[in-house]
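Just below is one structure, and these are the notes that go with it.
The values are calculated or read from the model by the stated rules, or taken from the named source; none is laboratory data. These figures come from a predicted structure and were not determined experimentally. Neighbour counts run over all protein chains shown; Cβ positions are idealised from the backbone, glycine included. The accessibility values were calculated without ligands, DNA or RNA, using every heavy atom of the protein model including side chains. Shrake-Rupley method; radii C 1.70, N 1.55, O 1.52, S 1.80 Å.
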Amino acid sequence: MSSKYTINDPEGLYFISTAVVEWADVFTREHYKDIIVESLKYCQKEKGLIIYAWVLMTNHYHMIVRADKGKNLSDILRDFKKHTSKELIKAINDSKESRRKWMLWLFKSAGLKNSNNKKYQFWQQDNRPIELSSNDMMDQRLAYIHENPVKAGIVRCPEDYIYSSAINYSGKKGLIEVEFIG
């Protein structure tokens, strides 16, 4: 793996992107999105995750994050993905999900291809961390995150999408508390 995609500075600010395997549109159901939101809140409160920006799309998420002093961002992200994978698979299994068989087959197929998994793989392996070392990089990634739902045609204005920190940056209370950049 290239050092371009590793977390080298434990105190660094990183742009993180992760997608569902095969880019499956899982997050079309509110219940699944809520699992992500609650898990992010838990990581903030209990694991030292500091979130500056975030967006959850139908099949991926982006965040600008760092770990609190003395915490390890790689460990936090690993635990977040492991927990949400289990919770989402359980939710898919327990719900009246019309796509249940297909989704479980997809995650099981991906899991069989990866020796790191016992049964299912929900998330793609990499977090694609990019250290944000300049104000220009921070501004570009912040705009990219907040414009994602607009470019996808979900909303007209970034602050209208509730699964994003654009609400916070517009001066209103969002689903997740964030620290502001700049």
Of the residues that sit in the range 24-46 and are in a helix (DSSP H, G or I) and aromatic (F, W, Y), which one is most open to solvent (accessible area, probe 1.4 Å)? Y42
Across the range 10-23, what is the total count of residues that are out of contact with any strand residue (DSSP E or B) (no Cβ under 6 Å at 6 or more places or on another chain) and either under 26 Å from F180 (Cβ atoms) or buried (at least 19 other Cβ atoms within 10 Å of the Cβ) (or both)? 4
Residue pairs meeting the criteria (Cβ under 6 Å; at least 6 apart or on separate chains; first free of Cβ contacts under 8 Å to residues at least 40 places away in the same chain and under 12 Å from V21 (Cα atoms), in the range 96-116; second of a type in the set (K, R) and open to solvent by 30 Å² or more (accessible area, probe 1.4 Å)): G111/K119
Looking across the range 41-68 at residues that are under 17 Å from K151 (Cα atoms) and of a type in the set (S, T, Y), the single one that is farthest from the chain's Cα centre (by Cα) is T58
